[in-house]
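**Q** Provided herewith is a single structure, encoded as structure tokens, for subsequent inquiry.
The values are calculated or read from the model by the stated rules, or taken from the named source; none is laboratory data. This structure is a prediction, so every number in the text was calculated from the model and none was measured. Here the Cβ positions follow ideal geometry from the backbone for every residue, glycine too, while neighbour counts run over all protein chains shown.
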Amino acid sequence: MASEQDIYEEHVLDHYEDPYHRGDLDHATHSHEADNPLCGDVIQIDLKIGADDTIEEAWFNGDGCVISQASASMLIETIEGKTLDELRDFSADEMLKLFGPKLTPNRQKCCLLSWRVLQSAVHSPTNDSPTDDDDLPEVNFGGPSLGEES
Amino acid sequence: MASEQDIYEEHVLDHYEDPYHRGDLDHATHSHEADNPLCGDVIQIDLKIGADDTIEEAWFNGDGCVISQASASMLIETIEGKTLDELRDFSADEMLKLFGPKLTPNRQKCCLLSWRVLQSAVHSPTNDSPTDDDDLPEVNFGGPSLGEES
Amino acid sequence: MNTPSPLSHAEVEKIRREFPILQRKTASGAKLSFLDNAASTQRPTSVIDAMSECYLRYYANVHRGIHTLSEETTAAYEEARKTLANFINASSVQEVIFTAGATASINTVARTWGDQNLSEGDVILTTIAEHHANIVPWHQLAERTGCKVIFLPIEDDFTFSTDLVKEYLERFRPKLFAFTAASNVLGTKPPVARWISLARSVDAITLVDGSQAAPHETLDVQQLDADFVVFSGHKMCGPTGIGILYGKQQLLDSMPPFLGGGGMIQRVSVEGFETAELPDKFEAGTPPIAEAIGIAAAADYLTRIGLDRIAQHEHTLCQIADSGLRLIDDVEVIGPHPCDKGGIVSFSLNSVHAHDIAHQLDSLGIAVRAGHHCTMPLHRAMKKTSTTRASFYLYNTPEEAEQFVSAIEAVQNKFAKTGRRRRSR
Amino acid sequence: MNTPSPLSHAEVEKIRREFPILQRKTASGAKLSFLDNAASTQRPTSVIDAMSECYLRYYANVHRGIHTLSEETTAAYEEARKTLANFINASSVQEVIFTAGATASINTVARTWGDQNLSEGDVILTTIAEHHANIVPWHQLAERTGCKVIFLPIEDDFTFSTDLVKEYLERFRPKLFAFTAASNVLGTKPPVARWISLARSVDAITLVDGSQAAPHETLDVQQLDADFVVFSGHKMCGPTGIGILYGKQQLLDSMPPFLGGGGMIQRVSVEGFETAELPDKFEAGTPPIAEAIGIAAAADYLTRIGLDRIAQHEHTLCQIADSGLRLIDDVEVIGPHPCDKGGIVSFSLNSVHAHDIAHQLDSLGIAVRAGHHCTMPLHRAMKKTSTTRASFYLYNTPEEAEQFVSAIEAVQNKFAKTGRRRRSR
Ligand SMILES: Cc1ncc(COP(=O)(O)O)c(C=O)c1O
Ligand SMILES: Cc1ncc(COP(=O)(O)O)c(C=O)c1O
């Protein structure tokens, strides 16, 4: 039932140690931060969304386990250049596929944190955001629920 | 664990069909009625307690299973002529012994109903009672508790 | 609907072999005939083994344990939830809450939805035939909130009048209509879907006590459109210590949590707490893990045989017992004719107390219940202090039903007055 | 007190054979080392068999069933209560209530004694190191009644100051002092009897969360003079789905009932109900029958080996693990030195997140817990979001404790920064 694969494969550790666009984005148009209180993982995502509804630039900041941080790096790297429509179609399953190694339900929660933050970020304009863009398409939001450990 | 003896032995059925002093006692000095709501067994006991603290006469009335009614008959037959001191020493175990066949805890409750009513009756003077007698000795009161069926 | 194929003699024999306890003898040495299934059923080895397996092979506490055993147990526990969701056709696994039993489930609703929504003068409608589990929590709620509990009476033929249900719903405008899908004494089965739709038309929330229904028929919660449904594991070939609370997601979401503790929170601080999402919200503390796996094995077992076939089998046995009893002088059958009820036959003898009947039947190997069966208001309404109940299940046989009827005649003889005289010892 | 004789190597090997699950391997193929006992323990075959026996040989519903199986089950169920009463030296079996678990036990007290006795401005004193099960029910009670929950802080050395307890008791005059007999994270064990007597001197009622103590040491309720004690079966080699609520008879008698339903009543009518006597009053519905028999088998098992010897064994393993960890750079042990704690070692690594530690240990066969262990307020007070916890029990070995320490070094190496560069796929 549990995975017998090493989830900490080279590619994952690479992203953990040398993340893509880790840091703040000046003049982000959209931004969101959330945590998973049950693990203590935190992710913040800053976006610059262009007039044509394209992600021009994306950065993240965060703290937490290898899975949460490496997956955030992979996500950020992937979404740049994508349109909001493309993002809407990016499901939890695709996020898990992007990450790579098969995760048990508990660790999927770690992996999906950045994906959830992203869903909220595109709906969270900053002060630097042009104000006309917020009739965005509903982004689907699902995946496993967060349970507490004993 | 359960008894393999026939609890409805001849002696029990005799008391059931031909009870001792079943009926009301005119001019009872003491009287009490109680039921076991969980079975529907009811027993009333009337006593005439003499000036020397002796049970001069005892009668019962009731409704219920063979065990509750036969055991009441046996109890009433036994206590006549006894003093209150002797009654106080008459324990639940002795009541069960008086009854005879070994009972499971559930049926013990049926058997002990009249015994409990008796404990209360000696503390329940009627209008016909001389009023000076109620610093009676505490009568011990115990036995299994009454549970409900499922 | 197609008539289900009946359980054959060979099938019943095969089923009986899956319940080793049925081979035993009672204290008197007689062969066991277990007719006390409405109180609690027996369970097949597949259910017992599923729980032992869990303990022997992969047990650890569930929920976010990051190690093999915990992940396997969590998967099995959540799989069990899925099995139960399918068993009652819930639209989402989040609507299936594991509790300690049907009683715990009803109390959960009373203390959450009830405390939140009822107040002085509000009405809860229920029936006079309910089990105490579906009465006492509402009495307690009435004590806390000042609401009132109204009891629908039973007709002389031991059925309910749906016209009267309608009248009561319109007259009392209850906030809640809580009723049993099958009486544990009479066997009476009201038209659940119809009652729910009547309740809906006066905006009453419905709670269906499925304790005596879930073991014997498909309770399709979506088809019934029930708001809450409760039942217990131990009455459906499952273990003790577990029950189900089904609730519509929207309702469950709107309710405050009940028990507080680990698992049901999202965040706790010295100031307060935030509640977790469904279903965790209503599952505080270490849940009944092995028991959830056990009730799922039971649901699988019943489904494999087919609930409709089980019901038909019980119905056959019930008819034998019921019609046999009605032929005996002095027997009063308490309940509708078998075509209107499940596998339950309650009765009383004018001349013999229920406890004596049960005791004497036991000496013949037959296990039945005697008493008020946790339905005192019903018994009082029927002017009875107690009744005797035989209740059938998939592993009972026509021979057992026949033997039961003859045994009642033997009991009558045993206690017949014969002009005995008391002799002092 | 005499020093108990330690568990010999041969004895531990014999014990291990009684727990078949210990022979298995984890997902990675490694041999299992189960160090997650504070979350839930494993159980010996004697406990699993006691429950299977019940289902296979004599099961029926308890309470006033007048037939062989019901009488046998009732006797076994009440015998189990007697075993548990002896286990904690209760003065009467009526003081031992079977519940669904420690969490259910605490909630029972909160919703009965709590609702009855607390009101606006009253204080409940507890500690910052409590499990959510001993916090959330009091937060909920505060919401209902307006009372306040005050948290006793922990000292820098992860112990409690009894002087501060005294000061808090005198300053806040709490109606209730609810505290754990052993922290499930720190392993810290306060002087329970002393705290109870201090509480008594300001007329505070005491509730002792014995979840982490009952499995490892004798909780003599009379000697401690505790008002309430709670614990769970699954943490002491017993089954899931059961716990104990001990209460002093006089207190339990004075409290209103909690859950309503069958078994807890003396009489029910359409107007209301009368409550049954103890212990039935607090056991509504069909109780966890097989589970009660299981927890009694567990208590028997632990008593046979000797709780004091078990505690000593754990202590030995804890010392190995604790002192080993303290030698590793970058490891921070969260908890007092082993002489002041039970068999629990929690820690954190500055450079590796608890989930990654647990995950990597699992691949080496070692099961530990990672997270906040249902103690968020404690973690916040310690400025940690999560920790990793190894917890030992009678079947663990010194070799496992040593292997655990080396494994932590391996984990550090695994996640050490090595100047990796991300390559796009
Ligand atoms: C100290 C403490 N109290 C209470 C509990 C709750 O026990 P349960 O989950 O069995 O109800 C636990 C276990 O998680 C615990 O460690
Ligand atoms: C109709 C009905 N409702 C509720 C219950 C209570 O179920 P439990 O005792 O399993 O909580 C029962 C069983 O006794 C029942 O027959």
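**Q** If you go through segment C:75-83 one residue at a time, do you hit one that is in contact with a Cys (Cβ under 7 Å, 6 or more places away or on another chain) and either of a type outside the set (Val, Ile, Thr) or more than 16 Å from ligand 2 (Cβ to nearest atom) (or both)?
**A** yes
**Q** When the residues of segment D:95-120 are narrowed to those that are over 15 Å from residue D:205 (Cβ atoms) and of a type in the set (Ser, Thr, Tyr), which ends up farthest from ligand 2 (Cβ to nearest atom)?
**A** By that ranking, first place goes to D:103.
**Q** While we're on this one: Do you know which residues across segment D:156-169 are acidic (Asp, Glu) and part of a helix (DSSP H, G or I)? Quick ask: steps written out before the conclusion?
**A** Taking segment D:156-169 as the starting set, the residues that turn out to be acidic (Asp, Glu) are D:156-157, D:163, D:167.
Across segment D:156-169, the qualifying residues are D:163, D:167.
**Q** Right, next: Read through the list (1) touching a residue at least 24 places away in the same chain (Cβ under 8 Å); (2) over 24 Å from residue C:362 (Cβ atoms), then give the number of the only condition that residue B:18 fails.
**A** Only one criterion in (1) touching a residue at least 24 places away in the same chain (Cβ under 8 Å); (2) over 24 Å from residue C:362 (Cβ atoms) is unmet by residue B:18, namely (1).
So that you can scan it fast, the table gives a plain yes or no per residue for (1) within 14 Å of chain C (Cβ to nearest Cβ); (2) within 16 Å of ligand 2 (Cβ to nearest atom); (3) outside any loop (DSSP other than H, G, I, E, B); (4) modelled with pLDDT of 95 or more:
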residue	(1), (2), (3), (4)
D:154	yes, no, no, yes
D:171	no, no, yes, yes
D:196	no, no, yes, yes
D:199	no, no, yes, yes
D:203	no, no, no, yes
D:208	no, no, yes, yes
D:216	no, no, no, yes
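**Q** Separate question: For residue C:321, state whether it is within 11 Å of another protein chain (Cβ to nearest Cβ) and either in contact with a strand residue (DSSP E or B) (Cβ under 7 Å, 6 or more places away or on another chain) or in a loop (DSSP other than H, G, I, E, B) (or both). Even if it seems obvious, please write down each step before you answer.
**A** Details: within 11 Å of another protein chain (Cβ to nearest Cβ): no; either in contact with a strand residue (DSSP E or B) (Cβ under 7 Å, 6 or more places away or on another chain) or in a loop (DSSP other than H, G, I, E, B) (or both): yes.
Here the answer is no, as residue C:321 does not meet what is asked.
**Q** I've got another one for you. Residue B:96 passes all but one of (1) in contact (Cβ under 8 Å) with a residue 40 or more places away in the chain; (2) away from chain C (no Cβ under 13 Å); (3) closer than 26 Å to residue C:415 by Cβ; which number fails?
**A** (1)
**Q** Can I ask one more? Out of (1) closer than 23 Å to residue D:129 by Cβ; (2) within 11 Å of ligand 2 (Cβ to nearest atom), the odd one out for residue C:262 is which?
**A** With respect to (1) closer than 23 Å to residue D:129 by Cβ; (2) within 11 Å of ligand 2 (Cβ to nearest atom), residue C:262 is out only on (2).
**Q** So, in segment D:95-112, exactly how many residues are at the interface with chain C (Cβ under 7 Å from one of its Cβ atoms), in contact with a Pro (Cβ under 9 Å, 6 or more places away or on another chain) and closer than 16 Å to residue D:287 by Cβ?
**A** So the answer is 2.
**Q** Go over the candidates D:133, D:90 one by one and state the one that is within 29 Å of residue C:112 (Cα to Cα), buried (at least 19 other Cβ atoms within 10 Å of the Cβ) and small (Gly, Ala, Ser). Full working, then the answer.
**A** On the way: D:90 fails: within 29 Å of residue C:112 (Cα to Cα).
Only one candidate passes the filter, namely D:133.
**Q** Oh, and also: If you go through segment D:309-326 one residue at a time, do you hit one that is at positive phi and surrounded by fewer than 20 Cβ atoms within 10 Å (Cβ to Cβ)?
**A** Quick first cut of segment D:309-326, residues at positive phi only: none.
No - not one qualifying residue is present in segment D:309-326.
**Q** Shifting gears a bit: Being farther than 30 Å from residue D:257 by Cβ, among the polar types (S, T, N, Q) and modelled with pLDDT under 95 is true for just one of D:323, D:351. Which residue is that?
**A** Values: D:323 fails: modelled with pLDDT under 95.
Sole residue among the options that is farther than 30 Å from residue D:257 by Cβ, among the polar types (S, T, N, Q) and modelled with pLDDT under 95: D:351.
**Q** Within segment D:68-85, track down each residue that is more than 19 Å from residue D:280 (Cα to Cα) and more than 8 Å from chain B (Cβ to nearest Cβ). It would help to see each step written out before you state the result.
**A** Restricting attention to segment D:68-85, the residues satisfying the condition of being more than 19 Å from residue D:280 (Cα to Cα) are D:68-69.
Of everything in segment D:68-85, just one residue is more than 19 Å from residue D:280 (Cα to Cα) and more than 8 Å from chain B (Cβ to nearest Cβ), namely D:69.
**Q** Give all pairs with beta carbons closer than 6 Å in which a residue from segment D:41-65 that is more than 14 Å from chain B (Cβ to nearest Cβ) and free of Cβ contacts under 8 Å to residues at least 60 places away in the same chain meets a residue that is surrounded by fewer than 24 Cβ atoms within 10 Å (Cβ to Cβ) and not in a helix (DSSP H, G or I); count only pairs at least 6 apart in sequence or on separate chains.
**A** Between residues of segment D:41-65 that are more than 14 Å from chain B (Cβ to nearest Cβ) and free of Cβ contacts under 8 Å to residues at least 60 places away in the same chain and residues that are surrounded by fewer than 24 Cβ atoms within 10 Å (Cβ to Cβ) and not in a helix (DSSP H, G or I), the close pairs are D:45/D:18.
**Q** Also, quick follow-up: Would you confirm whether any residue within segment A:37-48 is under 23 Å from residue A:130 (Cα atoms) and among the basic types (Lys, Arg)?
**A** Of segment A:37-48, the ones under 23 Å from residue A:130 (Cα atoms) are A:44-48.
This time we only want the ones that are among the basic types (Lys, Arg), so: A:48.
Yes, segment A:37-48 contains a residue that is under 23 Å from residue A:130 (Cα atoms) and among the basic types (Lys, Arg).
**Q** Another question, then. Looking at A:13, A:38, which one is hydrophobic (A, V, I, L, M, F, W, C), at the interface with chain D (Cβ under 7 Å from one of its Cβ atoms) and farther than 17 Å from residue A:105 by Cα?
**A** Numbers: A:38 fails: farther than 17 Å from residue A:105 by Cα.
Only one candidate qualifies: A:13.
**Q** I want to confirm something. Restricting to segment C:98-113 and keeping residues that are touching a strand residue (DSSP E or B) at 6+ places or on another chain (Cβ under 8 Å) and under 12 Å from residue C:257 (Cα atoms), which single residue is farthest from ligand 1 (Cβ to nearest atom)? Steps first, answer last, please.
**A** Of all residues in segment C:98-113, those touching a strand residue (DSSP E or B) at 6+ places or on another chain (Cβ under 8 Å) come to C:98-106, C:108-109, C:113.
Next cut, under 12 Å from residue C:257 (Cα atoms) only: C:108-109, C:113.
Working: C:108: 16, C:109: 21, C:113: 23 Å.
By that ranking, first place goes to C:113.
**Q** Another one. Wholly within segment C:1-115, which helices (runs of 4 or more DSSP H) include no fewer than the required count, namely at least 1 residues that are closer than 30 Å to residue D:358 by Cα? Step through it out loud before you land on a result.
**A** Values: elements: C:9-17, C:45-53, C:68-87, C:102-109.
It comes to C:45-53, C:68-87.
**Q** Another question, if that's okay. Just checking: which of the strands (runs of 3 or more DSSP E) contained wholly in segment D:341-425 hold 3 or more residues that are within 12 Å of chain A (Cβ to nearest Cβ)?
**A** On the way: elements: D:344-349, D:369-371, D:387-391.
Once the strands (runs of 3 or more DSSP E) in segment D:341-425 are filtered for at least 3 residues that are within 12 Å of chain A (Cβ to nearest Cβ), what remains is D:369-371, D:387-391.
**Q** Quick one: count up the residues across segment D:336-390 that are within 22 Å of the chain's Cα centre (by Cα), in contact (Cβ under 8 Å) with a residue 40 or more places away in the chain and under 22 Å from residue D:416 (Cβ atoms).
**A** Looking only at that region, the number is 6.
**Q** Please indicate, with yes or no, whether at least one residue in segment D:204-221 is touching a Ser or Thr at 6+ places or on another chain (Cβ under 6 Å) and among the β-branched types (Val, Ile, Thr).
**A** Just the residues of segment D:204-221 that are touching a Ser or Thr at 6+ places or on another chain (Cβ under 6 Å), to begin with: D:209, D:211.
When the remaining residues are screened for being among the β-branched types (Val, Ile, Thr), the result is none.
For segment D:204-221, residues touching a Ser or Thr at 6+ places or on another chain (Cβ under 6 Å) and among the β-branched types (Val, Ile, Thr): absent.
**Q** Next up: For a quick check of your reading: which helices (runs of 4 or more DSSP H) sit entirely within segment A:1-104 and have at least 1 residues that are of a type outside the set (Gly, Ala, Ser), farther than 17 Å from residue A:121 by Cβ and at pLDDT below 95?
**A** Details: elements: A:10-17, A:66-79, A:84-88, A:92-99.
Because the criterion is at least 1 residues that are of a type outside the set (Gly, Ala, Ser), farther than 17 Å from residue A:121 by Cβ and at pLDDT below 95, the helices (runs of 4 or more DSSP H) in segment A:1-104 that meet it are A:10-17.
**Q** For the structure I just gave you, tell me whether residue C:178 is buried (at least 18 other Cβ atoms within 10 Å of the Cβ) and assigned to a loop (DSSP other than H, G, I, E, B). Walk me through how you get there before you give the answer.
**A** Working: buried (at least 18 other Cβ atoms within 10 Å of the Cβ): yes; assigned to a loop (DSSP other than H, G, I, E, B): no.
It is false that residue C:178 is buried (at least 18 other Cβ atoms within 10 Å of the Cβ) and assigned to a loop (DSSP other than H, G, I, E, B).
**Q** Let me ask something else. If you scan segment C:370-396, which residues turn out to be in contact with a helix residue (DSSP H, G or I) (Cβ under 9 Å, 6 or more places away or on another chain) and surrounded by fewer than 20 Cβ atoms within 10 Å (Cβ to Cβ)?
**A** Passing the criteria: only C:384.
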